[in-house]
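A short write-up of the structure that comes next.
The values are calculated or read from the model by the stated rules, or taken from the named source; none is laboratory data. Bear in mind that the values here come from a model prediction, so they are computed numbers and not experimental data. Neighbour counts run over all protein chains shown; Cβ positions are idealised from the backbone, glycine included.
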Number of protein chains: 2
Amino acid sequence: MDVRGDPFGRHRVIEPKGKLPQPAWKLDNDTSKLYDNEILIDVIRLNIDAASFAQIKHEVGADEQKVAEKIMQIVEQRGKMHNPITGSGGMLIGRVKAIGKDLNVDVKVGDKIATLVSLSLTPLNLKKIKKVYLDRDQVDVEAEAILFETGVFARLPEDMPESVALAVLDVAGAPIQTARLVSPSDLVLVIGAGGKSGVLCSYVAKKYSGPTGRVVALVHSERSIEQLKKLGFVDDIFVSDAQDAVSSYEKFIEVTNGRLADVVINVVNVPDTEMTSILCARERGKIYFFSMATSFTKAALGAEGIGKDVDMIIGNGYAKHHAEFALQIVRENEKLYQHFLERYGEK
Amino acid sequence: MDVRGDPFGRHRVIEPKGKLPQPAWKLDNDTSKLYDNEILIDVIRLNIDAASFAQIKHEVGADEQKVAEKIMQIVEQRGKMHNPITGSGGMLIGRVKAIGKDLNVDVKVGDKIATLVSLSLTPLNLKKIKKVYLDRDQVDVEAEAILFETGVFARLPEDMPESVALAVLDVAGAPIQTARLVSPSDLVLVIGAGGKSGVLCSYVAKKYSGPTGRVVALVHSERSIEQLKKLGFVDDIFVSDAQDAVSSYEKFIEVTNGRLADVVINVVNVPDTEMTSILCARERGKIYFFSMATSFTKAALGAEGIGKDVDMIIGNGYAKHHAEFALQIVRENEKLYQHFLERYGEK
Ligand SMILES: NC(=O)c1ccc[n+]([C@@H]2O[C@H](COP(=O)([O-])OP(=O)(O)OC[C@H]3O[C@@H](n4cnc5c(N)ncnc54)[C@H](OP(=O)(O)O)[C@@H]3O)[C@@H](O)[C@H]2O)c1
Ligand SMILES: NC(=O)c1ccc[n+]([C@@H]2O[C@H](COP(=O)([O-])OP(=O)(O)OC[C@H]3O[C@@H](n4cnc5c(N)ncnc54)[C@H](OP(=O)(O)O)[C@@H]3O)[C@@H](O)[C@H]2O)c1
């Protein structure tokens, strides 16, 4: 085609013009044209962001057909799988179909890759939804997608099933950020510890807080208790609804005998859990909000409202080496690997 | 009345029941009853949060009467001045009218205080709006408000006009957090440097980055340039629209000769400025989002979208000693004090 696009992808923004593709409302998903600094991907599977998938299931019901229709409808409207209510996306795996001639990248046509940039900025030409996996937020599709010059991706590892790699890579930001935040002897609370990022963060929190540290898991269902007990990473587990801040807080301090958390990791997939995180953190403690259902104002004003001096961090989906770190974490612990295999592997 | 309320104020939540007052939709603002652990305030003036005030002016026009009507309408609906669109509040000054008998606080009836918890969680019985100050987000009212047991407040200082103290205290979280984040020799970018928190943060950034540091101001209007030049705290100033990320970034690196910021302080009052902050920060730099118009997902996914490994912090409105710190900053620098006097003092 002999045209170079903007490195950030602004050339694909239809509305509003001039914006970057993530905040934009609508992208040009015409994959019959490829700019010289783009990669064209033959998409195999989408991993919809957990907060987005939960919102869709909540809206249309846990029905494969209806979820598929909703996804088609969003992509039709926006040219990308960018949930207008949660604002979040997800990621995808596929095969490299073509590489713009100006790019010098470490993949070749035919290679299987996972995109590590959000679907919320990825032009997606979605032709058909072949299968919806209601229990793991994944969707098999017939589609093509575009990766911009500044887009990050990873070659899929060959030593684990695709669906497992996809599940791990989707939340790759969380474990490495947890490792950065947790120090030896810390008391760490993981909210939503039974989920995909929850188990990864629990494992990492235990590893980095060390033998003198303590990791407490807040889970929502009895199933999660069983799984976490089997995994054996956390010191204490309790069941609570994180949307009920005061009772979650009361249960937490009962477990810890009044001690508050040095670090709180929030990895739930539902809104209105900011106050639980804030109440359970100690003065000058740190809260890491990975949940895409986090509200900025609820966090900022919620902490102010009760005069709690905590550092609150926005969960950046990217960190240097995050993909290798997350995959390696799963490889290094056999129980963790088995858990992911059972939970997300193809049957 | 002989009834003790919940320390966090849940007893005043009408909808949804059981929630904390900040995230709640509607509060009970009946000030004819006072719980034994509440303070009743005779309100003199509201300081509406800048993002909220800008949104209201944008919606109804810069018209005193219309802004007043909109504020009345919001308080009528919610029992608190909690802007449903921006999610933010503001703060107030008033005189202590009654103190619940269970409270042991360092004020007495008649004392003038400023609340340091957001209006978004403060039950407000708003009888009348007497005057709207369109140019400084303040409103004179006839009203009563309730402060909960965990609510934070400050006695008004006697050495400066009320309107100045109110302006400084409204953004008291920003200067002390800037001081925590900035280290000697840092390159600091302040986005929205001409505003209330902008000038305070610029001063603090210069003080803490020291003689080998560099503070760059992004401002929106020529007026701000003049004021900042007169103040003399910043090393460089440039005009840009922070909603236009790529051109703001290009202007910034032209000023710094390609160097990116170690710390970015975002203190604008409009949405869609996340990407400017992210583009201008260096790898592993820090971004402090004080703006209440910040979107959590736009920040998290925006950074991921361009593979930028930055630490993004949610601007907590509270920090230990934040009020004393902010007032002292204004006292210690004569130019800063004069600026606040001219800009926010009564004429
Ligand atoms: N920042 C980023 O870049 C980024 C990237 C990817 C994902 N994310 C976000 O990270 C979060 C977690 O993702 P994930 O894939 O790990 O999700 P997930 O596997 O669906 O796990 C979510 C967990 O939240 C728990 N939960 C749901 N409602 C709850 C409640 N009311 N109280 C307590 N726990 C509750 C669930 O518990 P039960 O199973 O026991 O019901 C589940 O274990 C999502 O919000 C997602 O949007 C962020
Ligand atoms: N986190 C908290 O607890 C908390 C507490 C209080 C306030 N806040 C927030 O802090 C922010 C600043 O408050 P403030 O009282 O300092 O506000 P302010 O005095 O109104 O200042 C806002 C500044 O933003 C600038 N601005 C507006 N549009 C812009 C654009 N497109 N590009 C670049 N700059 C632009 C304005 O520049 P010009 O004047 O040159 O047009 C102005 O100087 C607000 O968003 C407010 O909601 C947060």
Those residues of the range B:249-279 which are within 11 Å of ligand 2 (Cβ to nearest atom), surrounded by fewer than 24 Cβ atoms within 10 Å (Cβ to Cβ) and under 20 Å from A:Asn316 (Cβ atoms) amount to B:Pro271, B:Asp272
I'd like to know if the range A:150-170 contains one or more residues that are at positive phi and not aromatic (Phe, Trp, Tyr). no
message = Condition (residue is within 16 Å of ligand 2 (Cβ to nearest atom) and at pLDDT 95 or above) applied to the range A:314-330: is it met by at least one residue?
response = yes
Here the residues within the range B:299-347 that are of a type in the set (S, T, N, Q) and within 19 Å of B:Tyr208 (Cβ to Cβ) are B:Asn316, B:Gln328, B:Asn333
If we scan the range A:244-256, do we find a residue that is in a helix (DSSP H, G or I), within 25 Å of B:Ala300 (Cα to Cα) and within 13 Å of ligand 1 (Cβ to nearest atom)? yes
Over the range A:319-342, the set of residues facing chain B (nearest Cβ under 7 Å) and crowded, with 24+ Cβ neighbours inside 10 Å is A:Ala319
When restricted to B:Val182, B:Val239, B:Val215, the only residue modelled with pLDDT of 95 or more and under 27 Å from B:Phe53 (Cα atoms) is B:Val239
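Residues are listed down the side, and each one gets a yes or a no for (1) outside the structural domain of B:Ala293 (by TED's automatic domain parsing); (2) closer than 22 Å to A:Thr297 by Cβ; (3) crowded, with 19+ Cβ neighbours inside 10 Å; (4) in contact with a strand residue (DSSP E or B) (Cβ under 9 Å, 6 or more places away or on another chain):
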{"residue": "B:Ala24", "(1), (2), (3), (4)": "yes, yes, yes, yes"}
{"residue": "B:Ile48", "(1), (2), (3), (4)": "yes, yes, yes, yes"}
{"residue": "B:Val60", "(1), (2), (3), (4)": "yes, yes, no, no"}
{"residue": "B:Gln65", "(1), (2), (3), (4)": "yes, no, no, yes"}
{"residue": "B:Ile74", "(1), (2), (3), (4)": "yes, yes, yes, no"}
{"residue": "B:Lys101", "(1), (2), (3), (4)": "yes, no, no, no"}
{"residue": "B:Gly110", "(1), (2), (3), (4)": "yes, no, no, yes"}
Within the range B:280-305, the residues that are within 16 Å of ligand 1 (Cβ to nearest atom), assigned to a loop (DSSP other than H, G, I, E, B) and buried (at least 24 other Cβ atoms within 10 Å of the Cβ) are B:Thr294
Counting only residues that are within 16 Å of ligand 1 (Cβ to nearest atom) and more than 11 Å from chain B (Cβ to nearest Cβ), the range A:142-158 contains a total of 1
Here the residues within the range B:1-32 that are more than 14 Å from chain A (Cβ to nearest Cβ) and within 11 Å of B:Pro123 (Cβ to Cβ) are B:Ile14, B:Lys26, B:Asp28, B:Asn29, B:Asp30, B:Thr31
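The rows are residues; the columns are (1) within 30 Å of B:Gly317 (Cα to Cα); (2) within 20 Å of the chain's Cα centre (by Cα).
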position	(1), (2)
A:Ala300	yes, no
A:Met312	yes, yes
A:Tyr318	yes, yes
A:His322	no, yes
A:Gln328	no, yes
A:Glu334	no, no
Confirm whether A:Asn269 is touching a residue at least 40 places away in the same chain (Cβ under 8 Å) and under 18 Å from the mean Cα position of the chain (by Cα).
yes
Residue set B:Val164, B:Val199; condition in the same structural domain as B:Gln328 (by TED's automatic domain parsing) and either in a helix (DSSP H, G or I) or within 13 Å of B:Val330 (Cβ to Cβ) (or both); output residue B:Val199
Note on the range A:20-52: residues within 22 Å of the chain's Cα centre (by Cα) and either without any contact (Cβ under 8 Å) to a residue 12 or more places away in the chain or part of a loop (DSSP other than H, G, I, E, B) (or both) are A:Leu20, A:Pro21, A:Gln22, A:Pro23, A:Ala24, A:Trp25, A:Asp49
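Residues checked against (1) more than 14 Å from chain B (Cβ to nearest Cβ); (2) of a type outside the set (Lys, Arg):
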position	(1), (2)
A:Lys251	yes, no
A:Glu254	yes, yes
A:Leu260	yes, yes
A:Asn269	no, yes
A:Met275	no, yes
A:Phe296	no, yes
Within the range A:85-102, restricting to residues that are assigned to a strand (DSSP E or B) and hydrophobic (A, V, I, L, M, F, W, C), the one that is farthest from the other protein chains (Cβ to nearest Cβ) is A:Ala98
The residue from A:Ser88, A:Ser197, A:Ser120 that alone is touching a His at 6+ places or on another chain (Cβ under 7 Å) and closer than 18 Å to A:Asn316 by Cβ is A:Ser120
Next item on the list: Please indicate, with yes or no, whether at least one residue in the range B:53-64 is within 24 Å of B:Gly315 (Cα to Cα), in a loop (DSSP other than H, G, I, E, B), touching a residue at least 12 places away in the same chain (Cβ under 8 Å) and within 14 Å of another protein chain (Cβ to nearest Cβ).
Entry: no
Filtering the range B:159-194 for residues that are away from chain A (no Cβ under 14 Å) and out of contact with any strand residue (DSSP E or B) (no Cβ under 9 Å at 6 or more places or on another chain) leaves a count of 7
